[in-house]
Amino acid sequence: MLIKSLMDDYCPRRGFRSEHGLCFYIEAQGKRILFDTSQSGAFLHNAALLGLKLDDLDALVLSHGHYDHGGGLEALADRLGQALPPVYAGVGFERAKYSQTPALREDIGVDQGPLASRGVRIESVGERRRLGPGLHMLPGAPLGPHASLSPRLRVIKDGVEGQDQFDEELSLIIEEKDGLVVISGCAHRGIVNIVGDALSAFPGRALKAVIGGFHLGDASLGELKAVAEKLAAMKPELLYCCHCTGPRGFAALWAAMGERVRWLSCGMIVEL
């Protein structure tokens, strides 16, 4: 399989644009998939630098309803028009989402109005679903002790505001001959829980790679150490982190697993 990072918070390559967000182009099992769209159309500029037109995609998978993962869908719809592929998101992706602190309340969801005006239809995924042979969307990993939920992150559900549990969060699972590849957007429900859910869904399979944002930027030292140790115990061959993992998260993972851990910055191409 092939993965090209079209957006990340860190972008050391000349000519590429960076922003707080995540977008992957993936080729696997004969399919072309876009995973998330970052927060703006900047990923389209980076795609062009990598020689991608994105007009032959088979699917777009949105990991969850935050602006830095779904905000670029409007720009993609403008670019592709009728060539926009089927779009998948977890149940509740469209809910209003906020970041609430004592000093500030910010809208951090994905504005549905511009998408509706462009005729964008998002298909809800409420249970494990195949995109094709060896390609699976896995929603709502069970919450466990290593979930990265914050009381600051709010959601309006059935007209009532509460702490966001990210039950719509989707991960992508790819079955390779030599093991599973688990791809996460932000892992709000906990990267340990998500990987554990994937291994439970496909028992007996080795863990080839874990890729994506792991939401460890605000974790305590104790939490970082615990997550790193748990992931190491799952024996991934490779771990490519990015976005909300944060430098401290990367350092903790490196301390536990060494050179198996790498940062997937924007413009980077990985073959597995």
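The values are calculated or read from the model by the stated rules, or taken from the named source; none is laboratory data. Please read these numbers as outputs of a predicted model, since none were measured by experiment. Counting neighbours? That spans all protein chains shown, and the Cβs are built from the backbone with ideal geometry, glycine included.
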If we keep only residues of the range 6-41 that are out of contact with any strand residue (DSSP E or B) (no Cβ under 6 Å at 6 or more places or on another chain) and of a type in the set (Gly, Ala, Ser), then the residue farthest from Leu180 (Cα to Cα) is Gly15
Taking first residues from the range 252-266 that are touching a residue at least 24 places away in the same chain (Cβ under 8 Å) and farther than 10 Å from Ala232 by Cβ and second residues anywhere that are surrounded by 17 or more Cβ atoms within 10 Å (Cβ to Cβ) and of a type in the set (S, T, N, Q), the pairs with Cβ under 7 Å that are 6 or more apart or on different chains are Leu264/Ser5; Ser265/Ser5; Cys266/Ser5; Cys266/Ser18; Cys266/Asn46
Original post:
Quick check: anything in the range 193-216 within 19 Å of Arg129 (Cβ to Cβ) and in a strand (DSSP E or B)?
Top reply: yes
Here the residues within the range 168-190 that are under 15 Å from the mean Cα position of the chain (by Cα), under 13 Å from Leu138 (Cβ atoms) and not small (Gly, Ala, Ser) are Glu168, Glu169, Leu170, Leu172, Ile173, Ile174, Val181, Val182, Ile183, Arg189
The condition from (1) farther than 19 Å from Tyr10 by Cβ; (2) touching a strand residue (DSSP E or B) at 6+ places or on another chain (Cβ under 7 Å) that Ala256 misses is numbered (2)
Every listed condition ((1) under 16 Å from the mean Cα position of the chain (by Cα); (2) crowded, with 20+ Cβ neighbours inside 10 Å; (3) at negative phi) holds for Leu76 save (1)
Within the range 54-105, the residues that are of a type in the set (Asp, Glu) and either within 21 Å of Ile3 (Cα to Cα) or assigned to a loop (DSSP other than H, G, I, E, B) (or both) are Asp55, Asp56, Asp58, Asp68, Glu94
Residues of the range 174-189 being in a loop (DSSP other than H, G, I, E, B) and over 20 Å from Arg95 (Cβ atoms), in sequence order, are Lys177, Asp178
So, first residue aliphatic (A, V, I, L, M) in the range 64-77, second residue crowded, with 24+ Cβ neighbours inside 10 Å and not in a helix (DSSP H, G or I), Cβ within less than 6 Å, six or more apart or across chains; the pairs are Leu73/Thr37; Leu76/Thr37
Residue hits (the range 19-43; over 16 Å from the mean Cα position of the chain (by Cα) and in contact (Cβ under 8 Å) with a residue 60 or more places away in the chain) are Ala28, Gln29, Gly30, Lys31
Next on the checklist: Tell me whether the range 197-206 contains one or more residues that are under 26 Å from Ser18 (Cα atoms) and either out of contact with any Asp or Glu (no Cβ under 9 Å at 6 or more places or on another chain) or buried (at least 24 other Cβ atoms within 10 Å of the Cβ) (or both).
Outcome noted: no
Matching residues in the range 31-54 (at pLDDT 95 or above and surrounded by fewer than 20 Cβ atoms within 10 Å (Cβ to Cβ)) number 10
The condition of being surrounded by 21 or more Cβ atoms within 10 Å (Cβ to Cβ), touching a helix residue (DSSP H, G or I) at 6+ places or on another chain (Cβ under 6 Å), of a type in the set (A, V, I, L, M) and more than 29 Å from Gly30 (Cα to Cα) holds, among Ala141, Ala228, only for Ala228
Review point. Does the range 182-190 contain at least one residue that is surrounded by fewer than 20 Cβ atoms within 10 Å (Cβ to Cβ) and either without any contact (Cβ under 8 Å) to a residue 60 or more places away in the chain or out of contact with any Pro (no Cβ under 8 Å at 6 or more places or on another chain) (or both)?
Key: no
